[in-house]
Amino acid sequence: MNQLVGERISIATFKAQTTRHRIMGIVNTPDMQIVFSDTPGVLKPNYKLQESMLAFSESALQDADVLLYVTDVVENPEKNMDFLEKVQKMQIPVLLLINKIDSLPLAPSGEKGNQEALGDLVEKWHSLLPNAEILPISAKNKFGVDLLLKRIQELLPESPAFFDKEQLTDKPARFFVSEIIREKILLYYDKEIPYSVEVVVERFKEDDRKIAINAVIYVERDSQKGIIIGHQGVALKKVSTEARKALEKFFDKHIYLDVFVKVDKDWRSSKRELDNFGYNPE
């Protein structure tokens, strides 16, 4: 979506389940508006947070004019068969995007080459979603992105604009602060720590030159709090510094950022806490 919108709306890391919310990115031209809806990846939920994430994904099936189903060259389609069955029943155009084709390994002599391997992937997905139009792309290298955007324009129905022509997204500034901090946590911590974290912005005060921000990182255990902070606060300072740099680039202003860490026991399994943190798809 970031490539299609031309702005960094969604955080992106090499780790699974990076996206937790449904985020809209808006493309405006003099005669057109396209609203892209980026959802969490499809998964089998193990706790209430993941149930909410799946609900965000399924909500996109209710109001889309065109569905972009994004996979890659290594994903096993069988793990999401329940969701694929819902996609197959949809009465709207489905574009299946095989991303990361640039990462197909070069085949040793005598084995299948990249083109043949990609052809096998296309055939496999065609058997699962016979009504989908399949487009190989590399979002990282912008390969196939212009063709994809052109195809989306051809498929979209005419409609009045939903958003103001100057608007890039439906999310407020505070949301992007919390997402950028969470992105740094995903990048700098291992194992379960990033998935046990939620970030809440408690103060966002902006003037012409600067923004003062207070943010709280919530974890589920005291032990996780210690890991986030690190010895003598070194780990938290690193995350705060990198987040501040990214926020200054995002907002194009000086950022004063204070980050605290608190424990909210088992928040990922608490409906009340999830509602407080904005994980209500309705």
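The values are calculated or read from the model by the stated rules, or taken from the named source; none is laboratory data. Bear in mind that the values here come from a model prediction, so they are computed numbers and not experimental data. Neighbour counts run over all protein chains shown; Cβ positions are idealised from the backbone, glycine included. Accessible surface areas use protein heavy atoms only, side chains included; no ligands, DNA or RNA. Shrake-Rupley method; radii C 1.70, N 1.55, O 1.52, S 1.80 Å.
Which one of these does residue 71 not meet: (1) assigned to a strand (DSSP E or B); (2) open to solvent by less than 30 Å² (accessible area, probe 1.4 Å); (3) more than 22 Å from residue 195 (Cα to Cα)? Here residue 71 meets the rest and fails (3). Check segment 216-239 and report whether any residue there is assigned to a loop (DSSP other than H, G, I, E, B), without any contact (Cβ under 8 Å) to a residue 24 or more places away in the chain and at negative phi. Checked against the condition, which is being assigned to a loop (DSSP other than H, G, I, E, B), without any contact (Cβ under 8 Å) to a residue 24 or more places away in the chain and at negative phi, segment 216-239 yields no hits at all. Residues of segment 14-25 include at least one that is in contact (Cβ under 8 Å) with a residue 12 or more places away in the chain, among the β-branched types (Val, Ile, Thr) and in a strand (DSSP E or B).
Is it true that some residue in segment 152-174 is touching a helix residue (DSSP H, G or I) at 6+ places or on another chain (Cβ under 6 Å), open to solvent by 60 Å² or more (accessible area, probe 1.4 Å) and touching a residue at least 24 places away in the same chain (Cβ under 8 Å)? Checked segment 152-174: no residue is touching a helix residue (DSSP H, G or I) at 6+ places or on another chain (Cβ under 6 Å), open to solvent by 60 Å² or more (accessible area, probe 1.4 Å) and touching a residue at least 24 places away in the same chain (Cβ under 8 Å).
In this structure, does residue 181 turn out to be touching a strand residue (DSSP E or B) at 6+ places or on another chain (Cβ under 9 Å), surrounded by 19 or more Cβ atoms within 10 Å (Cβ to Cβ) and within 20 Å of residue 22 (Cβ to Cβ)? When the stated conditions are applied, residue 181 passes them. With the structure loaded, tell me whether residue 210 is touching a Lys or Arg at 6+ places or on another chain (Cβ under 6 Å) and not small (Gly, Ala, Ser) or whether it fails that test. So residue 210 passes the test. Just one of the listed residues (186, 156) is touching an Asp or Glu at 6+ places or on another chain (Cβ under 7 Å) and within 23 Å of residue 57 (Cβ to Cβ), namely 156.
Among residues of segment 79-104 that are at pLDDT below 90, those with a beta-carbon under 8 Å from a residue that is among the charged types (D, E, K, R) and open to solvent by 40 Å² or more (accessible area, probe 1.4 Å) at least six positions away or on a different chain give the pairs 79/44; 83/58; 86/58; 102/140. Taken over segment 240-282, residues that are part of a loop (DSSP other than H, G, I, E, B), touching a strand residue (DSSP E or B) at 6+ places or on another chain (Cβ under 8 Å) and either without any contact (Cβ under 8 Å) to a residue 12 or more places away in the chain or under 30 Å from residue 208 (Cβ atoms) (or both) amount to 1.
Among the residues of this structure, residue 180 does not count as one that is farther than 29 Å from residue 29 by Cα and outside any loop (DSSP other than H, G, I, E, B). The number of residues in segment 1-60 that are acidic (Asp, Glu), in contact with a Leu (Cβ under 7 Å, 6 or more places away or on another chain) and open to solvent by less than 40 Å² (accessible area, probe 1.4 Å) comes to 0.
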